[in-house]
1. Thr164 to Ala64: FRET efficiency via 1/(1 + (r/R0)^6), r the Cβ-Cβ distance, R0 45 Å, to the nearest 0.05?
2. If the range 221-277 were replaced by its equivalent ellipsoid, with semi-axes equal to the square roots of 5 times the Cα gyration tensor eigenvalues, what would those be, largest first, whole Å?
3. Within the set of other residues whose C-beta is less than 13 Å from the C-beta of Tyr202, count the net charge using Lys and Arg as +1 and Asp and Glu as -1.
4. Could you please report the charge total around Thr295, scoring K, R as +1 and D, E as -1 over all other residues with beta-carbon less than 12 angstrom from its beta-carbon?
5. Can you list which of the chymotrypsin sites (Phe, Trp or Tyr not before Pro) found in the range 75-167 are DSSP loop residues with at most 11 other C-beta atoms within 10 Å?
6. Could you work out the percent of alpha carbon pairs in the range 171-266 separated by over 21 Å, rounded to a whole number?
7. With the crude spin-label approximation of a point 7 Å out along Cα→Cβ, what separation in nm comes out for Arg285 versus Glu15?
8. What is the ratio of the Cα radius of gyration of the range 6-164 to 2.2 N^0.38 Å, where N is its residue count, to two decimals?
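Read the figures in this text as sums done on the coordinates, not as results from a lab. All figures in this text were calculated on a predicted structure; none of them were measured in a lab. Because the Cβ atoms are built from the backbone with ideal geometry, glycine has one as well, and the counts that use them run over all protein chains shown.
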Amino acid sequence: MLLQNIDLNLFVVFEVIYDTGNLTQTAQTLNKTQPAVSNSLARLRDTVGDPLFVHAGKRMNPTARADELIGPVRQALRLFQSNMNQDYIFDPLEVRKTLRLSIGDIGETIILPKFVNILRAEAPNITLQVFQVQRRSIASKLAANEIDFAVDIPMPTEGELRHTLLMSDRQVCALSNEHKFAKKSKLSLEDYLSCDHIHVSYRRKGGGVVDIGLGKIGASRNKVVRLQHHQAAFALLNQTDLMLSAPSTLANLYNCRVFELPFEAPNLDLHLYWHGSAERSALNRWVRQKLKEATSELGPVE
């Protein structure tokens, strides 16, 4: 007898029949029709391979097998009901789970180190699988439970998509320590525009947040190399006379000369996304809290 082949509701019917000895009273107690109760009993008889109850006048008396079953059945039903009535006690030390996180290379580099240390200290049995899905697919991947969380720039949050701001970081420009402008105290707009630039994006075309700032003053930069990953960009930076604009937290991790932008540009905002169906999950809430902790010192969140 395999558990997956058993309708557990049949044991609720079994217990009430055992207590009342009458199908009509059982139907009234469970707010069912008598044919429905009879059908449940017939199914349970087939499952157990025993008649369970035999007619004795107006009463149905339990068989020896029913007497054997009633104790464990009562215990199982009470235990199940008790657990349903109690709040789930979440203990991260006991959780065994692989978290699936969609995140780009900026988040991988500046968010994950602290987050992974938190997991190893507080939830050592949680493993992390990190990859990046296309931005337009995030909502559907979360809805299909193909990913647990996503970290990305602001985007429309219709339907069941939930989000919170994780970090907001200003853009800076970076140069090789050997660059002709490296010894300057600050860069002018003319300096910035005179350089050739590396642009990092996993998209094949389009600009970044610094291009939004430049557009507001009617300027544009000369992007000569377009890359998908910032690690490659900083490696290229140190071997060329190119300039790279990047979040300040990221740029300060590398051995390069960092300047404030000579114009105003929007911050890079990274949001955490999850599906509304997981809103009340204790694990989901805990992970959201820990990602907030991991980013609390990275940049101002307003």
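1. Numbers: r = 60 Å, r/R0 = 1.33.
E between Thr164 and Ala64, to the nearest 0.05, is 0.15.
2. Working: eigenvalues 131, 45, 31 Å².
Working through the eigenvalues yields semi-axes of 26, 15, 12 Å.
3. Working: positive: Arg135, Arg136, Arg203, Arg204, Lys205, Arg226; negative: Asp105, Glu108, Asp152.
Counting the neighbours of Tyr202, the net charge comes to +3.
4. Details: positive: Lys114, Arg288, Lys290, Lys292; negative: Asp169, Asp269, Glu293, Glu297.
So the surrounding residues net to 0.
5. On the way: sites: Phe80, Tyr88, Phe90, Phe115, Phe131, Phe149; in loops: Tyr88, Phe90.
Sparse-neighbourhood loop chymotrypsin sites (Phe, Trp or Tyr not before Pro): Tyr88.
6. Values: 1024 of 4560 pairs.
Result: 22 percent of Cα pairs exceed 21 Å.
7. For the pair Arg285/Glu15, the computed spacing is 2.8 nm.
8. Values: Rg = 25.8 Å, N = 159, 2.2 N^0.38 = 15.1 Å.
Against the compact-globule rule of thumb, the ratio is 1.71.
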